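Okay, structure first, notes after.
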Amino acid sequence: MEILTTNHYERIKELFKDSKCKIRIMSPYLSKSLAEKLCKLVKEKRIECQFITRIYLEDLYVKANNIDAIELMVKSGIQVYALKFLHTKMYVFDDDRAVVGSANFTSSGFKSNIELSLLADGRNESQSLELIAELTQYFDDTLAKIQKGLVTEELISKVRIDYTNLIIPYKKENSSTTTNFNTTMYGAVIKIPKDLDLKTEALSAKNEKDIINEVFSSNEPRQHIKYDHIIWMKQMGRGNERIDENTSYKPTKVILNGKKVLISTYSESWRPSAVADGDEIYLAALSQNSMKKNVPIIIGRGYLKSFSKDNWYKEEWLIEHPWLNAYPWYCIIEKCEILDTVVKNGISMDIVWDELGSDTYEASFGKCETIDKVSKKHYQKAHIRLSGNAKEFIDEQFNRLAAKYGVKNYVSE
């Protein structure tokens with residue numbers, strides 16, 4: 001047997017790499033980076049994997065757990081179960097090696113936190129086999145009691161909706177008040193502890209330090225992802241003329257020099273002179289999301305052609321698009337894809353602000369501003385520059401929605 005302290009990551013990494021048949025994990029908290037590694041291993045080596053975790057809205061809110069990581073595992077064929085009141089941290093590999101201790105399945109749990117675990121290796125130590133057999137039995141017995149806790153894509157969708165509803169009133173300036181908490185939990189329950197304090201249980205991850213948990217509070221800045229072109233979020237509609245959230249969106253198409261082209265339009269005071277060939281555009285409708293919150297909702301993405309001083313609307317366009325009087329400047333959209341669903345099912349920007357804070361936008365990257373302040377940056381702006389970090393996060397969400405709803409592709413001639 002071996003005591004693991006500062007060497008958790010190295011030893012755990014070896015155990016995962018050497019696994020051949022089956023991996024069992026119990027951990028209340030998990031991070032996406034490790035979930036990605038686990039999914040890759042399971043796929044490459046065709047390993048059976050069962051993962052028991054817990055899903056509390058409060059854990060998601062304080063970034064101790066990650067619903068994207070859970071969804072990734074489910075889609076990768078890992079059997080994920082949600083168990084209320086789970087605090088066990090245990091890893092069993094092929095019935096002959098096991099780790100049990102304090103380390104969660106998170107980057108900080110294996111790398112930076114002060115943790116203590118016991119590694120039992122039955123391949124080299126016959127006396128460890130009995131302990132490993134007991135740990136395996138404990139896992140299997142627990143699993144047998146929580147079959148109704150199997151995490152499905154339907155449950156994940158419900159959690160996402162509930163989470164969106166939580167952060168709308170939560171992510172406000174001075175939201176650190178201790179009166180705010182949410183006790184919503186999902187999954188199976190074996191027994192309810194006596195004298196249970198739901199608030200204490202729901203907030204139990206507040207002090208769980210993890211890389212994801214420190215998005216808004218870490219003194220170390222997030223790595224700034226940069227691209228060699230500009231990434232724009234273009235807003236469509238007005239605060240007092242919001243796009244109907246129950247309609248689907250179609251890009252504006254006009255005839256220019258005998259060809260059909262897609263355009264993004266701007267008011268006379270917002271001449272988009274900084275737009276260059278190859279810049280990306282994320283089309284955001286000023287509308288209401290599924291929770292009836294007024295917020296920009298991304299429903300499309302594409303690429304722009306360079307702005308020219310001649311990009312002023314043509315009189316003949318007014319026949320079909322009379323509103324161009326108010327938005328005379330335009331940029332040509334070379335190509336784009338639009339989610340094949342109604343606007344409210346797009347990517348609500350409050351989800352992006354929740355994930356990245358002031359790092360959502362290029363101009364405020366690294367400033368650690370409040371969510372309330374970040375959420376107002378798009379006011380009175382036709383378009384705003386997104387950070388590379390925001391692009392990657394939005395693309396991930398867009399790809400997920402594209403798989404669910406499909407997309408419609410549009411190309412300028």
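The values are calculated or read from the model by the stated rules, or taken from the named source; none is laboratory data. Treat the numbers as computed from the prediction; the structure is a model and nothing was measured. We place every Cβ from the backbone using ideal geometry, glycine too, and count neighbours over all the protein chains shown. In case anyone asks, the SASA skips ligands and DNA or RNA and just uses the protein heavy atoms, side chains included. Shrake-Rupley method; radii C 1.70, N 1.55, O 1.52, S 1.80 Å.
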What's the center-to-center distance, using Cα atoms, between the range 346-376 and the range 3-39 in Å?
32 Å
Any residue on another chain or 5+ positions along whose placed amide H is under 5 Å from the amide H of GLU334 is listed here as TYR303, LEU304, LYS305
Length gained, SER267-ASN294, 0.36 nm per residue minus C-alpha separation, equals 7.6 nm
Placed amide H near GLU369: partners under 5 Å, 5+ positions off or other chain:
SER358
Using a basic spin-label model with each label point 7 Å from the Cα along Cα→Cβ, how many nm lie between LYS335 and LEU318?
3.5 nm
Please work out the FRET efficiency for the pair SER157 and ARG123, using the Cβ-Cβ distance as r and a Förster radius of 45 Å; give the result to the nearest 0.05.
0.60
Here the gain from full extension of LYS145 to THR6, 0.36 nm per residue of separation minus their alpha-carbon distance, amounts to 46.6 nm
For the chain, accessible area per residue (1.4 Å probe, heavy atoms of protein chains only), Å²
49 Å²
Report the extension gain between ALA276 and ASP18 in nm, rounded to one decimal, defined as 0.36 nm multiplied by the number of residues separating them, less their alpha carbon distance.
87.9 nm
Could you give me the ³J(HN,Hα) list for the range 305-318, computed from phi with Karplus coefficients 6.51, -1.76, 1.60 and θ = phi - 60°, whole Hz, x at Gly and Pro?
9, 4, 6, 10, 5, 8, 7, 10, 4, 9, 4, 5, 5, 5
Using a basic spin-label model with each label point 7 Å from the Cα along Cα→Cβ, how many nm lie between HIS224 and ASP310?
3.7 nm
Kindly provide the helix-only [θ] at 222 nm of the chain, computed as the sum of -39,500 (n - 2.57) over DSSP H runs of four or more divided by all residues, to the nearest 500 deg cm²/dmol?
-8500 deg cm²/dmol
